[in-house]
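K.L.:
My questions will all concern the structure given below.
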Amino acid sequence: MIRLIYISTARCELAEIELEGILRSSRRNNAAAGVTGLLVVGGRRFLQALEGPESAVKQTYDRIRADERHFAAVTLDSRPIAERSFPGWAMGHQPSKPLRGDGAVADDVAALIASIGDPTMHAYFAEFAKKHAA
Ligand SMILES: Cc1cc2nc3c(=O)[nH]c(=O)nc-3n(C[C@H](O)[C@H](O)[C@H](O)COP(=O)(O)O)c2cc1C
């Protein structure tokens with residue numbers, strides 16, 4: 001298994017309904033492919049972790065990168081893992097609105113990532129939440 005983390009930028013700020021559509025197809029496709037992960041949205045930035053069998057993660061990432069709703073995907077980290085950080089989430093997401101300078105949302109992200117044991121991944125999500133909630 002591998003885990004890949006990337007950051008990207010939305011072409012324009014997504015409406016909640018569009019984000020719900022992305023989450024719906026993510027959860028359906030990822031469940032079928034054995035991919036799990038977390039997607040956090042802060043303004044126009046996305047930070048996403050994808051984990052699962054290498055070929056499934058790569059295929060999923062290729063499809064995501066080709067999505068015209070965002071651009072400039074930069075892979076931050078990609079490495080083999082022995083176990084998943086998000087075994088229960090076909091695609092986890094912060095429960096409230098995308099981060100917009102609202103401290104409560106940073107708290108939501110903190111709660112989401114509290115159980116992540118991997119320090120690299122924990123740091124990426126914590127920094128992202130801090131930056132976009134400032
Ligand atoms: C930021 C972002 C994250 C996405 N994450 C996933 C994902 O984890 N899994 C997935 O299948 N599609 C994801 N998508 C959507 C894909 O780009 C693509 O639209 C979708 O997989 C097409 O599948 P469908 O035809 O079944 O809807 C994401 C799109 C964006 C913009």
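The values are calculated or read from the model by the stated rules, or taken from the named source; none is laboratory data. Treat the numbers as computed from the prediction; the structure is a model and nothing was measured. Note that we place each Cβ from the backbone using ideal geometry, even for glycine, and neighbour counts take in every protein chain shown. With ligands, DNA and RNA removed, areas are computed over all heavy atoms of the protein, side chains included. Shrake-Rupley method; radii C 1.70, N 1.55, O 1.52, S 1.80 Å.
K.L.:
Go through Arg44, Arg11, Arg84 for me and flag whichever is in contact with an Asp or Glu (Cβ under 9 Å, 6 or more places away or on another chain), open to solvent by 50 Å² or more (accessible area, probe 1.4 Å), within 20 Å of His132 (Cα to Cα) and more than 10 Å from the ligand (Cβ to nearest atom). Please lay out each step first, then the result.
P.N.:
On the way: Arg11 fails: more than 10 Å from the ligand (Cβ to nearest atom); Arg84 fails: within 20 Å of His132 (Cα to Cα).
Unique residue meeting the criteria: Arg44.
K.L.:
Right, another one. Only one of these conditions is not met by Ile17: (1) in contact (Cβ under 8 Å) with a residue 40 or more places away in the chain; (2) more than 12 Å from the ligand (Cβ to nearest atom). Which number is it?
P.N.:
The number of the failed condition is (1).
A quick yes/no check of all residues on (1) at pLDDT 75 or above; (2) out of contact with any helix residue (DSSP H, G or I) (no Cβ under 7 Å at 6 or more places or on another chain); (3) of a type outside the set (Lys, Arg):
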{"position": "Arg79", "(1), (2), (3)": "yes, yes, no"}
{"position": "Glu83", "(1), (2), (3)": "yes, yes, yes"}
{"position": "Pro95", "(1), (2), (3)": "no, no, yes"}
{"position": "Pro98", "(1), (2), (3)": "no, yes, yes"}
{"position": "Ala104", "(1), (2), (3)": "no, yes, yes"}
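K.L.:
List pairs: first residue in the stretch 67-78 and more than 9 Å from the ligand (Cβ to nearest atom), second residue of a type in the set (S, T, N, Q) anywhere in the structure, Cβ distance under 8 angstrom, at least six positions apart or on different chains.
P.N.:
Phe71/Ser8; Phe71/Thr9; Ala72/Ser8; Ala72/Thr9; Val74/Ser8; Asp77/Thr120
K.L.:
Right, another one. Just one of the numbered conditions (1) at pLDDT 95 or above; (2) more than 8 Å from the ligand (Cβ to nearest atom); (3) of a type outside the set (Val, Ile, Thr); (4) exposed (fewer than 13 other Cβ atoms within 10 Å of the Cβ) is not true of Arg28; which one?
P.N.:
Only one criterion in (1) at pLDDT 95 or above; (2) more than 8 Å from the ligand (Cβ to nearest atom); (3) of a type outside the set (Val, Ile, Thr); (4) exposed (fewer than 13 other Cβ atoms within 10 Å of the Cβ) is unmet by Arg28, namely (2).
K.L.:
Identify the residue in the stretch 31-41 that is buried (at least 22 other Cβ atoms within 10 Å of the Cβ) and closer than 20 Å to Val109 by Cα and, among all such residues, is nearest to the ligand (Cβ to nearest atom). Before you say what the answer is, go through the steps one by one.
P.N.:
Kept after step one, since they are buried (at least 22 other Cβ atoms within 10 Å of the Cβ), are these residues of the stretch 31-41: 35-38, 40-41.
Then drop every residue that is not closer than 20 Å to Val109 by Cα, which leaves 36-38, 40-41.
Details: Thr36: 9, Gly37: 6, Leu38: 10, Val40: 10, Val41: 8 Å.
Per the criteria, the residue is Gly37.
K.L.:
Run Ser115 past the list (1) in a loop (DSSP other than H, G, I, E, B); (2) modelled with pLDDT of 95 or more and report the number of the one that doesn't hold.
P.N.:
(2)
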